[in-house]
Amino acid sequence: MPQHVQGVIAPGRNEPVRVETIVIPDPGPGEAVVKIQACGVCHTDLHYKQGAINDEFPFLLGHEAAGIVESVGEGVTEVTPGDFVILNWRAVCGTCRACLRGRPWYCFATHNAKQRMTLLDGTELSPALGIGAFAEKTLVAAGQCTKVDPAVAPEVAGLLGCGVMAGIGAAINTGNVGRGDTVAVIGCGGVGDAAVVGSRLAGAAKIIAVDIDDRKLKTAKTMGATHTVNSRSTDPVEAIRELTGGFGADVVIEAVGRPETYQQAFYARDLAGTVVLVGVPTPEMKLELPLLDVFGRGGALKSSWYGDCLPSRDFPMLIDLHQQGRIDLAAFVTETIALDEVEKAFARMHEGDVLRSVVVL
């Protein structure tokens, strides 16, 4: 029987979000219903609310989540009811050309639940990133559920579902940061700080955090940054070069998603260095670079999709590292809130002192 639960929807472009009754269908073949225990408030949810992703309103927001599998549909073997899982928004297909070439983290045919969740009047909802986890329960493709150790607090585990994984993966998986490398991270929100953590974990010798907010830079230092640059008062390219012997960083991770900060990243890297774009731009943004500079500086310009992660491999590994005390995922949780406080959490994003507000159910 379909279930009625409470969830947070974005009814229209830039309209305040609100809590509504959501209808969750029984899971069909390849699907699972998950009881949500915690879900982080991510900038991507704000982008959905603002209409910057698409205009398929109303959206059921939330995607950075952990919870308990309640029921599964026909043919599901990945998880069983009672499993503690982190939800991921790139459930690999296993059969596309990327998967068949042994690169499933690039899967070109990721999948979501086929059925739609609805409002009471039958209005179909568009779940954010195919998840929709600002709700007491949600319907997902079973492949979007990654089983991890249930000893970890849900509000901590869920952060791997998006922002923390994106940042750590941008450093380790996409940027291939190695021992002794110099790294610069431009933008020290949750994703940028996770990139700092990933760089430290990979053995970077120097990690330069760049932001316009001294409070964020102070937090980045606690995460492992060795140097900080306030780009509101200092040219970040010159500062990064000065801190790297005049050469530039081996890897520069751009965690803002704006043309001007991408240009800073491009010119702040060493010759043959790597730029990683993990910040998410909006559709109207354009980038202009002299093609001769692209050629002459060499190296690699990469985009990081979800930290180029493979959830089945990376989520359990990072949970293990957290339990060993090698990374502190709990440090990313600034506050825990209720479902009806999501709108306030969006407002707090702009105040500069929040890494993650996490809805706990």
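The values are calculated or read from the model by the stated rules, or taken from the named source; none is laboratory data. Since we're looking at a predicted model, the values are computed, not measured. Cβ: placed from backbone, ideal geometry, glycine included. Neighbour counts: every protein chain shown. The area values use the complete protein model at the heavy-atom level, side chains included, leaving out ligands, DNA and RNA. Shrake-Rupley method; radii C 1.70, N 1.55, O 1.52, S 1.80 Å.
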With a Cα-only, solvent-free Debye model of segment 228-281, what are the log10 I(q)/I(0) values at q = 0.24 Å⁻¹? -0.90
Going by the alpha-carbon gyration tensor, a ≥ b ≥ c the square roots of its eigenvalues, is the chain rounded (a/c under 1.5) or, if a/c is not under 1.5, prolate (a/b greater than b/c) versus oblate? prolate
Could you work out the helix-only [θ] at 222 nm for the chain, with each DSSP H run of four or more residues adding -39,500 (n - 2.57) and the total divided by the number of residues, to the nearest 500 deg cm²/dmol? -7000 deg cm²/dmol
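With a probe of 1.4 Å, find how much accessible area the chain has per residue, and write the answer as a whole number in Å². Could the numbers behind the result be given before it?
Working: 15170 Å² over 361 residues.
With the other protein chains kept in place, the chain gives 42 Å² per residue.
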DSSP-loop trypsin sites (Lys or Arg not before Pro) across segment 175-213, with at most 15 other Cβ within 10 angstrom: 179
Lys and Arg at +1, Asp and Glu at -1: neighbours of residue 213 with Cβ under 10 Å from its Cβ sum to 0
Heavy atoms of residue 43: accessible area, 1.4 Å probe, square angstrom to 10: 90
Of the options 265, 57, 2, report the single residue whose Cα projects farthest towards the positive end of the charge dipole of the chain (beta-carbon charges: Lys, Arg +1; Asp, Glu -1). 265
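Rounded, prolate or oblate: which fits segment 265-361 when a ≥ b ≥ c are the square roots of the eigenvalues of the alpha-carbon gyration tensor, with rounded for a/c under 1.5 and prolate only if a/b beats b/c? Provide the component values of the computation, followed by the final result.
Details: a/c = 2.73, a/b = 1.57, b/c = 1.74.
Oblate.
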Pop a pseudo-label 7 angstrom from the Cα along the beta-carbon direction at both residue 19 and residue 263 and give the gap in nm to one decimal. 4.6
Solvent-accessible surface (1.4 angstrom probe) belonging to residue 357, in square angstrom, nearest 10: 0
Between segment 277-355 and segment 90-139, how far is it from one alpha carbon centroid to the other, in angstrom? 20
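In a shell of Cβ-Cβ distance under 13 Å around residue 343, excluding residue 343 itself, what net charge do Lys and Arg (+1) and Asp and Glu (-1) give?
Numbers: positive: 18, 49, 344, 348; negative: 15, 45, 340, 341.
Residues close to residue 343 contribute a combined charge of 0.
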Per the rule of 0.36 nm per residue minus the C-alpha distance, extending residue 218 to residue 93 adds in nm 40.9 nm
C-alpha center-to-center spacing [segment 180-257, segment 21-52] in angstrom: 33
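Once the other residues with Cβ under 15 Å from the Cβ of residue 158 are scored (Lys, Arg +1; Asp, Glu -1), what is the net sum? Don't skip to the end; give the middle numbers.
Working: positive: 35, 137, 147, 356; negative: 45, 64, 83, 136, 149, 155, 314, 335.
Spelling it out: positives minus negatives among the neighbours equals -4.
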Nearest 10, in degrees from 0 to 90: the angle of helix 259-268 to the longest Cα principal axis of the chain is 50
Percent accessible area from carbon and sulfur atoms, the chain, protein chains only, probe 1.4 Å: 51
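Quote the charge dipole size of the chain about the Cα centre in Debye, to the nearest 20; the model charges only the Cβ of Lys and Arg (+1) and of Asp and Glu (-1). Walk me through the numbers before you get to the answer.
Details: 31 positive and 42 negative charges, 182 e Å.
For this selection, approximately 880 debye.
Quote to one decimal, in nm, the extra length available between residue 80 and residue 114 on full extension: 0.36 nm per residue of separation minus the C-alpha distance between them. Intermediate values should be presented prior to the final figure.
On the way: separation 34, 0.36 × 34 = 12.24 nm, distance 1.92 nm.
Answer, rounded to one decimal: 10.3 nm.
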